[in-house]
Amino acid sequence: MLEKLMPRSDEFFNDFDQQAQATLEGTRLLRELLNDLTDAAAKVKRIKEVEHLGDEITHKAFERLHKQFITPFDRAEIHRLLSRIDDVLDLADGASERILLYEVTDVPQEARELGRVLHASALKMQEAVAALRTIKKPQGILTACVEINRLENEADHLLRSGLAKLFKSGADPLTVIKWKEIYELLESATDRCEDVANVIEGVVLEHS
């Protein structure tokens, strides 16, 4: 194997870990915001700070990818993995920004549930990313990826049911437009978690 082909340096794995940890923290903060809008501005600011940290990690990792000759696995896969993890945090930040900008005062239950599912997906993503350092037990990595896929399906259902209730609620058109966008950002973030899982599954299945 893959372990024999990997360079001694853990730099890329450190990048993946740091990205995943930042994303997990960002989704945790977003879940808290969705559950309690108290001090929303401060909470959104904190999410933005975490998103900036994630961008810094991603930028440094891309620089390393262009400079380092030996990489732990295919460069295109590394680039995709870095980009998709970064996307999750960007979308979480985008959802939190809308909540503040749109002066949301009441959060529908489906939005809270989407926040819960997104955070759960980020947790499983973090577990799968951390396990990339070794593929001696690939089943654990693949199990985490399967759970991410299940959570993405749950998010799809929550999006559909949330939008259906929204359209039937009799809410004013602006409220409908605001929440439709927030719902879609939350669900898209779970899609990106699934993209991360797909990249990881491909790496594991190819090299284990």
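The values are calculated or read from the model by the stated rules, or taken from the named source; none is laboratory data. No experiment lies behind these values; they were computed from the predicted model shown. Counting neighbours? That spans all protein chains shown, and the Cβs are built from the backbone with ideal geometry, glycine included.
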_Top-ranked residue in segment 73-110 [being among the polar types (S, T, N, Q) and without any contact (Cβ under 8 Å) to a residue 40 or more places away in the chain; ranked as farthest from L30 (Cα to Cα)]_ = S83
*asked:* Being of a type in the set (F, W, Y) and free of Cβ contacts under 8 Å to residues at least 60 places away in the same chain is the filter here; which residues of segment 140-181 pass it?
replied: F167
*If you go through segment 42-81 one residue at a time, how many are modelled with pLDDT under 95, surrounded by fewer than 19 Cβ atoms within 10 Å (Cβ to Cβ) and among the aliphatic types (A, V, I, L, M)?*
3
*Within segment 111-139, track down each residue that is under 19 Å from R80 (Cα atoms), of a type in the set (A, V, I, L, M) and free of Cβ contacts under 8 Å to residues at least 60 places away in the same chain.*
A131
*Subset tally (residues that are surrounded by 22 or more Cβ atoms within 10 Å (Cβ to Cβ) and either among the basic types (K, R) or free of Cβ contacts under 8 Å to residues at least 60 places away in the same chain (or both)) for segment 10-24*: 0
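Out of all the residues in segment 76-108, which are more than 20 Å from E152 (Cα to Cα) and within 12 Å of the chain's Cα centre (by Cα)?
Quick first cut of segment 76-108, residues more than 20 Å from E152 (Cα to Cα) only: 76-79, 97-107.
None - no residue of segment 76-108 is more than 20 Å from E152 (Cα to Cα) and within 12 Å of the chain's Cα centre (by Cα), so the list stays empty.
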*Has segment 131-146 got any residue that is under 12 Å from the mean Cα position of the chain (by Cα), of a type in the set (D, E, K, R) and within 15 Å of I200 (Cβ to Cβ)?*
no
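A quick yes/no check of all residues on (1) crowded, with 18+ Cβ neighbours inside 10 Å; (2) under 17 Å from L114 (Cα atoms):
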site	(1), (2)
L151	yes, yes
L163	no, yes
F167	no, no
G170	no, no
T175	no, no
W179	yes, yes
L185	yes, yes
_Out of the residues in segment 34-67 meeting the condition of being more than 17 Å from the chain's Cα centre (by Cα) and in contact (Cβ under 8 Å) with a residue 60 or more places away in the chain, tell me which one is nearest to R133 (Cα to Cα)._
N35
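Working carefully through the options V117, V196, find the one that is closer than 16 Å to Q19 by Cβ and either surrounded by fewer than 20 Cβ atoms within 10 Å (Cβ to Cβ) or not basic (K, R) (or both). Spell out the reasoning first.
Working: V117 fails: closer than 16 Å to Q19 by Cβ.
Going through V117, V196 in turn, just one is closer than 16 Å to Q19 by Cβ and either surrounded by fewer than 20 Cβ atoms within 10 Å (Cβ to Cβ) or not basic (K, R) (or both): V196.
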